[in-house]
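Right, one structure below, let's go through it.
The values are calculated or read from the model by the stated rules, or taken from the named source; none is laboratory data. It should be emphasised that the depicted structure is a prediction, and the values quoted were computed from it without experimental measurement. We place every Cβ from the backbone using ideal geometry, glycine too, and count neighbours over all the protein chains shown. Calculation scope for accessible area: heavy atoms of the full protein, side chains included, ligands and nucleic acids excluded. Shrake-Rupley method; radii C 1.70, N 1.55, O 1.52, S 1.80 Å.
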Amino acid sequence: MDTADASARSGRVPRIAAAWHSAWTGEDPNALADLFTKDGTLIDLSVPYTSHGRAEIAEFKAITERLIPDADLEITDAFRSGDRVVIRTDYSGTLPGASKSFKVQMATVLELRHGKIAVNTDYYDRATMLRQSGLPADWRPPTQP
């Protein structure tokens, strides 16, 4: 059992945050998509990229796995207020062509509807990620990760 799951059972991390963490750090892209409403939206403001619906969300997860195979998220804090959940993580990995890995703080805001994620918005500093990786500020991912 991972730390996020254990913390969720103890009440420190909301259950949906623990499920989100497990899905992101797991290997099945559909596990993440299944947490969303049918019309759910995942927004990564730093890339920027928006996925609409479960199929696109699963594809975004699969692309992320191919692009950053060592990507990891470590929950540092999470809380829920009504239908909103905020998750703070340390996001790390190695980008293609990078001479070093990165580790940046990320905040994710989940907006829930009937217990499912309706909107997931990720916030992190892309410039810091690229600088830590040893990549230029105008770096773009390869078209076929």
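Identify, from the list Thr37, Thr94, the residue that is closer than 22 Å to Val13 by Cα, in contact (Cβ under 8 Å) with a residue 12 or more places away in the chain and not aromatic (Phe, Trp, Tyr).
Only one candidate qualifies: Thr37.
Cβ contacts < 8 Å: first residue of a type in the set (Lys, Arg), restricted to the stretch 123-138; second residue outside any helix (DSSP H, G or I) and open to solvent by 80 Å² or more (accessible area, probe 1.4 Å), any location; separation 6+ or different chain. Result?
Arg131/Ala137
Picking from Arg131, Arg140, which residue would you name as being farther than 19 Å from Ile43 by Cβ and either open to solvent by 30 Å² or more (accessible area, probe 1.4 Å) or modelled with pLDDT of 95 or more (or both)?
Arg131
Filter the stretch 112-128 down to residues that are of a type in the set (A, V, I, L, M) and in a strand (DSSP E or B) and give me whichever is most open to solvent (accessible area, probe 1.4 Å).
Restricting to residues being of a type in the set (A, V, I, L, M) and in a strand (DSSP E or B), the top hit is Val119.
Name the residue, out of Ser81, Ser99, Ser51, that is of a type in the set (S, T, N, Q) and either in contact with a Phe, Trp or Tyr (Cβ under 6 Å, 6 or more places away or on another chain) or at positive phi (or both).
Selected residue: Ser51, the only one of Ser81, Ser99, Ser51 that is of a type in the set (S, T, N, Q) and either in contact with a Phe, Trp or Tyr (Cβ under 6 Å, 6 or more places away or on another chain) or at positive phi (or both).
Report the residue count in the stretch 115-138 for those that are under 14 Å from Gly97 (Cβ atoms) and of a type in the set (Asp, Glu).
Residues flagged as under 14 Å from Gly97 (Cβ atoms) and of a type in the set (Asp, Glu) within the stretch 115-138 amount to 1.
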